[in-house]
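**Q** One structure follows; several queries about it will come next.
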Amino acid sequence: MRIAVTGGPGQLVLSMGERAGAHGHVAIAVGPPALDLAAPDDEAIFAALAAVKPEAIVNAAAHTAVDRAESERALAFAINADGAGAVARAAARLGVPLVHVSTDYVFAGDKPSPYTEDDATGPTGVYGASKLAGEQAVLASGADAAILRTAWVYSPFGANFAKTMLRLTETRDELGVVADQSGCPTSALDLADAAIMVAANLAARPDVSLRGVFHATGSGEGTWADFAEAIFAASAEAGGPSARVKRITTADYPTPARRPANSRLDCGKLAAAHGVRLPQWRESCRAVVSRLISEDSFRA
């Protein structure tokens with residue numbers, strides 16, 4: 001199956017390119033300048049996607065700079081909402097299934113237990129609001145679509161928490177890391193596997209249960225401080241650098257955009273409908289960090 005993956009060379013696009021072959025598929029990246037969601041135009045986006053003759057589309061394009069989105073509202077909504085809708089309408093015109101990637105930020109983050117797909121949304125910032133608008137645009141487009149909400153994505157590629165933690169060890173012996181926000185760290189490689197399997201299921205089966213909104217994160221949970229400690233443990237095991245973690249509060253690390261206290265997502269629906277469950281996050285963390293150390297690529 002030929003899978004068009006929208007977006008520039010970010011974590012999920014590169015992970016899709018790496019993982020597609022293992023599933024017997026081909027991933028073709030479609031990004032700027034041919035496909036520019038910063039100024040979405042239905043005809044241009046349709047032409048860019050039609051040119052690669054896809055049998056499925058994964059929309060990985062997004063404005064993901066959470067803090068910057070607070071001062072770039074128009075751009076965030078152009079890419080995450082209007083752009084998502086345009087990609088979905090193109091998928092509908094092409095008659096191919098769409099997997100659209102969304103986020104835990106569509107929730108307020110104040111629920112005491114993991115969020116399910118049936119929980120009320122309530123984003124507290126521009127990024128979450130724009131991604132929720134994107135979900136709504138996809139669902140209204142008439143596309144044959146599944147939406148995958150994910151969280152705390154990291155990988156061997158691009159800028160992410162794991163690489164940042166390892167890079168900071170070059171100048172610091174101790175790092176303050178927030179310990180009062182909980183979530184589910186998610187390897188982009190695992191997310192790519194999930195997106196590919198969901199796309200294949202959509203293409204093969206008309207079941208209504210395969211469509212709609214699903215949660216897709218690494219199995220298990222932890223805090224950012226837990227995540228950092230796991231990164232350093234895996235790095236030390238692989239002969240790489242490490243540092244002590246000082247557990248701090250959200251109030252100790254103010255940011256322009258409010259972070260959800262609870263980013264945990266219940267992924268039972270994805271497992272039941274698609275037979276897809278992402279690996280335990282600590283196992284995936286160990287694999288990604290080992291690769292970053294062996295390739296000496298965490299500084300890039």
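Just so it is clear, none of the values below were taken in a lab; they were calculated from the coordinates. As the structure is a computational prediction, the values presented were derived from the model and not from experiment. Note: ideal-geometry Cβ built from the backbone for every residue, glycine included; neighbour counts use all protein chains shown.
**Q** Past 31 Å, Cα to Cα, is the threshold; run LYS53/LYS131; LYS53/LYS163; LYS111/LYS131 against it and keep the listed order.
**A** LYS53/LYS163
**Q** Among residues other than GLY275 whose Cβ falls under 13 Å from its Cβ, what is the net charge (Lys/Arg +1, Asp/Glu -1)?
**A** +1
**Q** Another question, if that's okay. For ARG244 and ARG93, calculate 0.36 nm times their separation in residues minus their Cα-Cα distance, and state this gained length in nm to one decimal. All intermediate terms of the calculation are to be shown ahead of the outcome.
**A** On the way: separation 151, 0.36 × 151 = 54.36 nm, distance 5.30 nm.
Result for the pair: 49.1 nm of gain on full extension.
**Q** Can I ask one more? Starting from the amide H of VAL101, placed 1.01 Å from N in the peptide plane, find each other amide H under 5 Å away whose residue is 5 or more places distant or on another chain.
**A** Amide H to amide H, under 5 Å and 5 or more residues apart or across chains, VAL101 pairs with ASN59, LEU148.
**Q** Now, a different point. So, with +1 on the Cβ of K and R and -1 on the Cβ of D and E, and no other charges, what is the size of the charge dipole of the chain about its Cα centre, to the nearest 20 debye?
**A** Roughly 240 debye, rounded to the nearest 20.
**Q** List the trypsin sites (Lys or Arg not before Pro) in the stretch 148-233 that DSSP assigns to loop (not H, G, I, E or B) and whose Cβ has at most 16 other Cβ atoms within 10 Å. Which are they?
**A** Of the trypsin sites (Lys or Arg not before Pro), the ones in loops of the stretch 148-233 whose Cβ has at most 16 other Cβ atoms within 10 Å are ARG172.
**Q** Hey, for a label at GLN136 modelled as a point 7 Å past Cα toward Cβ, could you say which residues of the stretch 97-130 have their backbone N under 19 Å away?
**A** What the label zone holds, given the 19 Å backbone N cut-off, is 100-109, 117-130.
**Q** Then there's this: Picking from THR249, ALA22, GLY268, whose Cα lies most toward the positive end of the charge dipole for the stretch 2-294 (charges on Cβ: Lys, Arg +1; Asp, Glu -1)?
**A** It is ALA22, whose Cα lies furthest towards the positive end.
**Q** Let me ask you something else. When the chain is fully extended, how far beyond the present Cα-Cα distance does ASP42 get from ALA159, taking 0.36 nm per residue of separation?
**A** 39.1 nm
**Q** Let me check I've understood the local charge: for LYS246, count other residues with C-beta under 15 angstrom from its C-beta, Lys and Arg +1, Asp and Glu -1. What total comes out?
**A** Residues close to LYS246 contribute a combined charge of -3.
**Q** Scan the stretch 148-222 for GluC sites (Glu not before Pro) in coil per DSSP, keeping those whose Cβ has at most 10 other Cβ atoms within 10 Å, and list them by number.
**A** Listed in order of number, the matching sites are GLU170.
**Q** How much length is gained on full extension from ALA272 to ALA74, taking 0.36 nm per residue of separation minus their Cα-Cα distance?
**A** 67.5 nm
**Q** Using a 10 angstrom cutoff on alpha carbons, build the Gaussian network for the chain and name the most mobile of ALA51, ALA233, ALA195.
**A** Among ALA51, ALA233, ALA195, the largest GNM mean-square fluctuation belongs to ALA51.
**Q** Have a look at the DSSP beta bridges in the chain and tell me what percent are antiparallel, nearest 5.
**A** DSSP beta bridges in the chain are roughly 5 percent antiparallel.
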